[in-house]
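> This is the structure, below, for whatever I ask next.
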Amino acid sequence: MADRQRWRPVLFSCPRTGSKVQALLAEEAIGLGTYETVSCLACSGVHLVDPTDGRVLGATFDGTR
Ligand SMILES: [Zn+2]
């Protein structure tokens, strides 16, 4: 119950389905200049998303390709 984490919605395009997907990222992770792993609601995969602008790094890294 001591969850003081703040979450911020980030909109990104799923590279696999092309759908716009909204995900929640920890606010403290935003602004570090790193990509965040995001569970995708559209394809049930995981993407690396830049929280600052919603860009997706590459496609996926779950070995589908
Ligand atoms: Zn996806």
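> Roughly how big is the range 7-57's charge dipole about its Cα centre, with Cβ charges of +1 (Lys, Arg) and -1 (Asp, Glu), in debye to the nearest 20?
240 debye
> Below 8 Å between Cα atoms, with a sequence gap of 6+, how large is the relative contact order for the range 7-57 in percent?
That works out to 34 percent.
> Let me ask another. Roughly how many nanometres apart are two label points built 7 Å out from the Cα toward the Cβ at Gln22 and Ser44?
2.3 nm
> Still on this structure, I have one more. Give the accessible area for Val38 in Å² (nearest 10); use a 1.4 Å probe, count only protein heavy atoms, and leave out ligands, DNA and RNA.
10 Å²
> Let me ask something additional. Could you derive backbone 3J(HN,Hα) for the range 36-46 from the dihedral phi with the Karplus parameters 6.51, -1.76 and 1.60 (θ = phi - 60°), listing whole Hz in sequence and x where the residue is Gly or Pro?
Here the 3J(HN,Hα) series is 10, 7, 10, 7, 8, 6, 7, 10, 6, x, 10 Hz.
> Would you grab the residues whose amide H sits under 5 Å from the one on Trp7? Only those 5+ places off in sequence or on another chain, please, with H modelled 1.01 Å from N.
Result for Trp7 returns Glu27.
> Evaluate the Kirkwood expression for the hydrodynamic radius of the range 7-57, namely the inverse of the mean inverse distance over all pairs of different C-alpha atoms, and round to one decimal in Å.
10.6 Å
> Next up: Just by accessible area at a 1.4 angstrom probe, what is the order of Leu41, Leu32 from largest to smallest?
Leu41, Leu32
The values are calculated or read from the model by the stated rules, or taken from the named source; none is laboratory data. Please read all numbers here as calculations on a predicted model, not as lab measurements. Cβ coordinates were reconstructed from backbone atoms using ideal geometry, including for glycine residues, and neighbour counts include every protein chain displayed. Only protein heavy atoms, including side chains, enter the accessible area calculation; ligands, DNA and RNA are left aside. Shrake-Rupley method; radii C 1.70, N 1.55, O 1.52, S 1.80 Å.
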